[in-house]
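Read through the structure below, which is laid out as structure tokens, and then see the notes.
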Amino acid sequence: MHIPDGFLDAKTAAGAGALALVGLSLALRQARLHLPPRRVPLMGLTAAFVFAGQMVNFPVAGGTSGHLLGATLTAVLVGPSAAVVVLAAVLIVQCFLFADGGVTALGANLVNLALVAPLGGYGVFRAVRPLAAGRRGTVLAAGFAGWCSTVLAAVACAGHLALSGIVPWSTVFPAMAGIHMLIGLGEGAITALVVAAISRSRPELVGGHPEGPARWTDFATLGLIVATVLALSLAPFASSWPDGLERVATALGFAGHAVERPLLDPPLADYRIPGIVSAPLATVLAGTSGALLVLGLAWLLARALVPNRDER
């Protein structure tokens with residue numbers, strides 16, 4: 001659902017950029033006030049997991065694929081404001097290092113995927129969580145919220161396209177919402193499975209703050225290794241079908257608006273490394289580099305937000 005360069009006009013791109021800047025500033029402020037220091041390693045871990053998960057497209061239907069957004073999952077684990085910071089770090093690295101999403105559309109992608117998706121998904125999670133008790137209720141609420149976050153982000157994306165005049169709202173809204181209702185099923189299932197696994201082994205991480213003398217460095221290291229190995233080992237075998245936005249753009253006839261070459265020349269565009277002939281190997285190496293980079297960026301941001309603050 002990453003919007004490329006060429007899909008948005010100047011006013012929409014500028015307005016989305018301003019909105020993203022305001023939203024990210026508020027999220028940083030809230031994280032500084034409320035983020036527990038023990039959540040710092042988890043922010044880096046979730047950033048690496050989301051980055052790796054977004055590399056793996058799964059087939060949906062009719063020649064369309066989708067990939068994990070990870071917005072609700074991140075919000076459930078680290079809180080909504082920290083989730084905005086994590087998703088923003090992932091999207092910025094994807095844009096400038098891998099040409100995944102346009103530079104002029106970065107503000108819109110931040111609004112859709114780093115603001116609407118995690119905040120909307122977390123709001124749904126909190127609203128439906130009391131409807132069922134226990135671990136099962138938490139898992140079901142997370143899965144449903146994950147589905148909702150995908151649809152909400154797709155609707156926001158449709159709004160940006162309509163505001164740009166590239167396609168009428170009455171046409172793009174049902175197309176984007178419909179295909180992402182299917183893609184959201186995969187998002188919801190992955191979110192529920194991960195939350196179920198974490199709630200069994202570390203229940204204090206889901207929907208609350210960690211307590212007790214948890215060895216966070218051990219947890220983060222092990223989790224990063226597992227998440228990265230699983231996701232990146234599947235990346236070379238990911239579906240090559242177009243994702244939801246690409247499928248809609250082709251069906252509605254505005255795919256040709258995308259610029260042929262990115263405005264910048266990212267060093268690892270399309271997850272390839274110059275000089276490495278093997279595409280699967282290049283994808284794994286590029287993906288590993290990206291996962292480590294977003295891990296470090298999210299960790300540094302988190303450390304800057306909670307420097308030497310006593311845990312309450």
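Quick check, is F51 within 30 Å of A282 (Cα to Cα), under 16 Å from the mean Cα position of the chain (by Cα), surrounded by fewer than 24 Cβ atoms within 10 Å (Cβ to Cβ) and not hydroxyl-bearing (S, T, Y)? It is false that F51 is within 30 Å of A282 (Cα to Cα), under 16 Å from the mean Cα position of the chain (by Cα), surrounded by fewer than 24 Cβ atoms within 10 Å (Cβ to Cβ) and not hydroxyl-bearing (S, T, Y). Scanning the range 55-79 for residues that are out of contact with any strand residue (DSSP E or B) (no Cβ under 9 Å at 6 or more places or on another chain) and modelled with pLDDT of 85 or more gives L69, G70, A71, T72, L73, T74, A75, V76, L77, V78, G79. Considering only the range 242-260, I want to know if a residue exists there that is at pLDDT 80 or above, in a helix (DSSP H, G or I) and in contact with a Cys (Cβ under 7 Å, 6 or more places away or on another chain). Yes, because at least one residue in the range 242-260 is at pLDDT 80 or above, in a helix (DSSP H, G or I) and in contact with a Cys (Cβ under 7 Å, 6 or more places away or on another chain). Here V172 fulfils each of the conditions (1) more than 19 Å from G121 (Cβ to Cβ); (2) touching a residue at least 40 places away in the same chain (Cβ under 8 Å); (3) surrounded by fewer than 22 Cβ atoms within 10 Å (Cβ to Cβ) apart from (3). All of A286, A220, A197, A231 fail the test of being in contact with a helix residue (DSSP H, G or I) (Cβ under 7 Å, 6 or more places away or on another chain), part of a helix (DSSP H, G or I) and at pLDDT 65 or above, apart from A286.
Put simply, of A89, A117 the only residue that is in a helix (DSSP H, G or I) and within 21 Å of V206 (Cα to Cα) is A117. Consider the range 1-37 and keep the residues that are of a type in the set (D, E, K, R) and in contact with a Ser or Thr (Cβ under 6 Å, 6 or more places away or on another chain). The one that is nearest to H180 (Cα to Cα) is D5. Of all the criteria given as (1) out of contact with any Ser or Thr (no Cβ under 6 Å at 6 or more places or on another chain); (2) of a type in the set (S, T, N, Q); (3) buried (at least 17 other Cβ atoms within 10 Å of the Cβ); (4) modelled with pLDDT of 90 or more, the one not satisfied by T191 is (1). Of all positions in the range 96-113, at least one carries a residue that is part of a helix (DSSP H, G or I), at pLDDT 90 or above, in contact with a Gly (Cβ under 6 Å, 6 or more places away or on another chain) and closer than 30 Å to D9 by Cβ.
The values are calculated or read from the model by the stated rules, or taken from the named source; none is laboratory data. Source: prediction; values computed, not measured. All Cβ positions, even for glycine, are placed from backbone atoms using ideal geometry, and neighbour counts span all protein chains on display.
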